[in-house]
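Asks: Attaching a single structure in structure tokens format; questions to follow.
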Amino acid sequence: MRKLLFSPILLFLMFFFLYFSTSSAQTPSPAPSGPTNITAVLEKAGQFTTFIKIMKSTQEADQINTQLNNSNQGLTIFAPPDNAFANLKAGTLNSLSDQEKVQLVQFHILPSFISMSQFQTVSNPLRTQAGNSANGEFPLNVTTSGNQVNVTTGVNTATVANTIYTDGQLAVYQVDQVLLPLDLFAAPTAPAPAPSKLDKVIPAKTPATTSDDTPADASDATTTRVSFGIALIAAIFLML
Ligand SMILES: *[C@@H]1O[C@H](CO)[C@@H](O)[C@H](O)[C@H]1NC(C)=O
Ligand SMILES: *[C@@H]1O[C@H](CO)[C@@H](O)[C@H](O)[C@H]1NC(C)=O
Ligand SMILES: *[C@@H]1O[C@H](CO)[C@@H](O)[C@H](O)[C@H]1NC(C)=O
Ligand SMILES: *[C@@H]1O[C@H](CO)[C@@H](O)[C@H](O)[C@H]1NC(C)=O
């Protein structure tokens, strides 16, 4: 009699929990690859610790990652390795204000994706994130000869050594020198500078929002419920 009473319930419970645990096992795990992370790209390439450090301290790394996630224009970055920074005149970086450090990093970033072959046809001066070169701010020229690509600032000329990363949206090229913008490093013997355009206010950076709404790990709850089900079935077996 008791068997007849409990069996349908037991069958139902077993079916229910089997179904439940099977379907929860099929839940796909979240994809690990998010938007491109410039810091990770440079870390993987190695030899870019100074550039990474200055990108982080100026919050440009976050800016770049946000732009890569939001823009379809893409970005091109000229990345000087550690030895290029080591070759700078002593105190060069320390002589810059925080705002000038931001401009220095932004000068190494072009607001569109440019492939190696597209350098052959770009028109000078190129626009950088540091300012509108069409207005004479932070001019940067590219010259090519065969496969060789040079980047000229009016202060120095760097050569593109190789491609570190390219995915059609972001291109990162290693350059053999830190690009020194004319606006920051004009030779002291140059004619008296026009009233500085550097005083313009750099727009406040919107901090990259970190999402706190990551769902709590649901598998714990699932495990608890499945264990409870198993315990319940075991209890019913004991009663039979
Ligand atoms: C980007 O990569 C760096 C280094 O791997 C890591 O410390 C940082 O948390 C990553 N940033 C994001 C937004 O994933
Ligand atoms: C990337 O952009 C999407 C859509 O705008 C947004 O939901 C997501 O949080 C962004 N991810 C990061 C890491 O900024
Ligand atoms: C690039 O720069 C190097 C070193 O300054 C120079 O020898 C070479 O001729 C330049 N090439 C081009 C295409 O401007
Ligand atoms: C960059 O190119 C522009 C346009 O061709 C030219 O006027 C300017 O003098 C060049 N500047 C340098 C530093 O080569």
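Asks: Just checking, how many residues over the range 150-164 are within 16 Å of ligand 4 (Cβ to nearest atom) and surrounded by fewer than 19 Cβ atoms within 10 Å (Cβ to Cβ)?
Replies: Number of matching residues: 7.
Asks: Test GLU100 against the criterion of being under 20 Å from ALA158 (Cβ atoms), away from ligand 4 (no atom under 16 Å from the Cβ), acidic (Asp, Glu) and in contact with a helix residue (DSSP H, G or I) (Cβ under 7 Å, 6 or more places away or on another chain), and give yes or no.
Replies: Values: under 20 Å from ALA158 (Cβ atoms): yes; away from ligand 4 (no atom under 16 Å from the Cβ): yes; acidic (Asp, Glu): yes; in contact with a helix residue (DSSP H, G or I) (Cβ under 7 Å, 6 or more places away or on another chain): yes.
Yes; evaluated as a whole, the condition is true for this residue.
Asks: Return yes or no: is ILE77 at pLDDT 95 or above, assigned to a loop (DSSP other than H, G, I, E, B) and β-branched (Val, Ile, Thr)?
Replies: Numbers: at pLDDT 95 or above: yes; assigned to a loop (DSSP other than H, G, I, E, B): no; β-branched (Val, Ile, Thr): yes.
Taking the combined requirement at face value, the residue does not satisfy it.
Here is a yes/no grid of residues against (1) among the polar types (S, T, N, Q); (2) at pLDDT below 95; (3) within 12 Å of ligand 4 (Cβ to nearest atom); (4) under 28 Å from ASN65 (Cβ atoms):
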| position | (1), (2), (3), (4) |
| --- | --- |
| VAL142 | no, no, yes, yes |
| THR166 | yes, no, no, yes |
| ALA171 | no, no, no, yes |
| ALA204 | no, yes, no, yes |
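Asks: Could I ask something else about it? Quick one: count up the residues across the range 105-135 that are in a loop (DSSP other than H, G, I, E, B), touching a residue at least 12 places away in the same chain (Cβ under 8 Å) and small (Gly, Ala, Ser).
Replies: Looking only at that region, the number is 3.
Asks: Which pairs have Cβ atoms under 6 Å, sit 6 or more apart or on different chains, and link a residue in the range 140-157 that is under 19 Å from ALA187 (Cβ atoms) and free of Cβ contacts under 8 Å to residues at least 40 places away in the same chain to one that is within 7 Å of ligand 3 (Cβ to nearest atom) and in a strand (DSSP E or B)?
Replies: From residues that are under 19 Å from ALA187 (Cβ atoms) and free of Cβ contacts under 8 Å to residues at least 40 places away in the same chain, the pairs are THR157/ASN150.
The values are calculated or read from the model by the stated rules, or taken from the named source; none is laboratory data. Note that the structure is predicted; figures quoted are calculated from it, not measured. Because the Cβ atoms are built from the backbone with ideal geometry, glycine has one as well, and the counts that use them run over all protein chains shown.
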